[in-house]
Ligand code: 6R9
């Protein structure tokens, strides 16, 4: 049985201000949850000693550690000689070895006699009555054939090692197949979330000099058909490097095909023999580029290469998700996000997992879509985002109560800090108080999970991503780059190279160096703030740019937000600083609530609530009610935009990753 510590609520001792520019922390979370003895007894990592041994070996003898890991967990066509060639800020891993990420994800299992194992269970978007529109399962052997056919098709279209292929597709198995087919032949995929505008696609095509775009006629979302090909056509008018466009038929709607440029998937891929073997590729062959929003300016093309990334995705998947043969694992992310790359495709498939992949939205045809899927497929591991958890809370428990969730044994969270109250709901309502929660902190740049509980051994604290994984050596520094007493927050850096680290920003060495390696010599700057408590647990305090400075006290947004979210009538909260003559900055809070009136009485109640929870210093000056918060496609609150709204400024910087402009437009109308 999990045991909660005596206190069931967060308490509040604001710490004193400090001069070094570190962050004050005001939220004290005392609840502690242990994995059950039953979970621990079957876990992949089941003792603290096992973790200590791995972590110590990876920290003290990284070469030896990673050599053994790479030899055991990847297939090598040719062995590597050097484990890590580290010339800060450039690392090369497994130098001169030859491997293939598609081989490791697919062929290796077939070669080992596990070809009949289910690789992908796919749930297409359902029709109104809740019956699935489309369902497919692919075994590893079937996936191998599909991927080989696609690789043959790509080769026929003139794609080879080093060519960039943009992929703008719905969440269908063909999306994973297309990614893996690129990996099979050494082409570099650049997945673009199928919701981005023509402008954004063109920008990404041009930045990467993409040669081919793979798309579909359209996609289904919330019962509607959205055109994709038409959007791609518009983008291609401004994408001079793109020679061909490969189009999957998904919706059957009209898709004008341009002679000489556009070809159908069913003509070019489906009739291939499906025999092409995976190409032995140098360890450092670029595997993919994934664009992530910079806070200003154009999106950055984060570059990952083959062997190191593959190993990191695989091993972190196995450690964090405690993967076993009989698991049905479901990561609800989209492949347009790094989470989809590492934890739908490369990590779980390399580990030989059975992976559920879904198309559509969590509230269509009804708000119980997730729980219906969990029940029908007996999902045992669920990996989702705090934004989804907060939405489920808002939609009401009745949607959960309709379903049997007893197959679940492990829950994960990624993308933002999870507010302790949302964590508690996830734990109780979805996990039935028996499933450990792994709150995984990582970034597009890190390739895979960096900090997370190990579910069999790490007691969890709501809101903390707990401890670094083996091979991750974090440090916290102040404004000047000096290590700080980590109980106070500061900038989170990683001091030792790890196999999954980004290799660069595609085509922009200067920005790579400036962004990640300039503040602190030879340490990777994450861009997040964090603190580490006396148990060695890390608490991510949000982006460095989001810190609020009130009368010299530097506060993290997540703590004030979590205090607001702990009020029973608040669903979500976003907190930003706005200029203030006396205090430097005042705290502006944007709040969504269920059915309370949006009046001054509620406003005052919320201010008092925050004051009581975490202290007078953190009490918001302004509270604005809103129907929705502006979020990125992966569900992150875009505080940068809210800062502009709060200050009454024009919006600046890139908004291409914004999910829904209307929420922002509404907020501005109310100004
Ligand atoms: C995987 C992913 C990275 C940024 C990261 C941080 C935030 C992600 C988090 C988290 C607190 C967690 N973030 N996971 N913050 N706790 N468990 O999200 O990649 O889209 O590149 O975003 O997301 O701020 O720096 P990416």
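The values are calculated or read from the model by the stated rules, or taken from the named source; none is laboratory data. Since the structure is predicted, the reported quantities are computational estimates derived from the model, not experimental observations. In this analysis, Cβ positions are derived from the backbone assuming ideal geometry, glycine residues included, and neighbour counts consider all displayed protein chains.
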Tally, over region 552-568, of residues that are more than 11 Å from the ligand (Cβ to nearest atom) and touching a residue at least 60 places away in the same chain (Cβ under 8 Å): 11
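Residue 92: crowded, with 17+ Cβ neighbours inside 10 Å, at pLDDT 95 or above and within 27 Å of the chain's Cα centre (by Cα), yes or no?
Yes.
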Scan of region 508-550 for residues that are touching a helix residue (DSSP H, G or I) at 6+ places or on another chain (Cβ under 9 Å), away from the ligand (no atom under 15 Å from the Cβ) and closer than 17 Å to residue 483 by Cα, ordered by number: 523
Residue in region 616-639 that is nearest to the chain's Cα centre (by Cα), counting only those that are part of a strand (DSSP E or B) and under 30 Å from residue 332 (Cα atoms): 632
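Would you say residue 278 is buried (at least 22 other Cβ atoms within 10 Å of the Cβ), modelled with pLDDT under 95 and not in a helix (DSSP H, G or I)? Working first, answer last.
Details: buried (at least 22 other Cβ atoms within 10 Å of the Cβ): yes; modelled with pLDDT under 95: no; not in a helix (DSSP H, G or I): yes.
Against the criterion (buried (at least 22 other Cβ atoms within 10 Å of the Cβ), modelled with pLDDT under 95 and not in a helix (DSSP H, G or I)), residue 278 does not qualify.
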Where a residue in region 326-353 is on the phi < 0 side of the Ramachandran plot and its partner, wherever it lies, is in a loop (DSSP other than H, G, I, E, B) and near the ligand (Cβ under 10 Å from one of its atoms), with Cβ under 6 Å and at least six apart: 337/634; 339/333; 340/333; 342/448
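If you take the residues of region 329-360 that are under 17 Å from residue 44 (Cβ atoms) and more than 11 Å from the ligand (Cβ to nearest atom), which of them is surrounded by the fewest Cβ atoms within 10 Å (Cβ to Cβ)?
Going residue by residue through region 329-360, those that are under 17 Å from residue 44 (Cβ atoms) are 329, 343, 347-348, 350-354.
Subset that is more than 11 Å from the ligand (Cβ to nearest atom): 329, 347-348, 350-354.
Working: 329: 25, 347: 31, 348: 29, 350: 26, 351: 22, 352: 19, 353: 24, 354: 23.
That would be 352.
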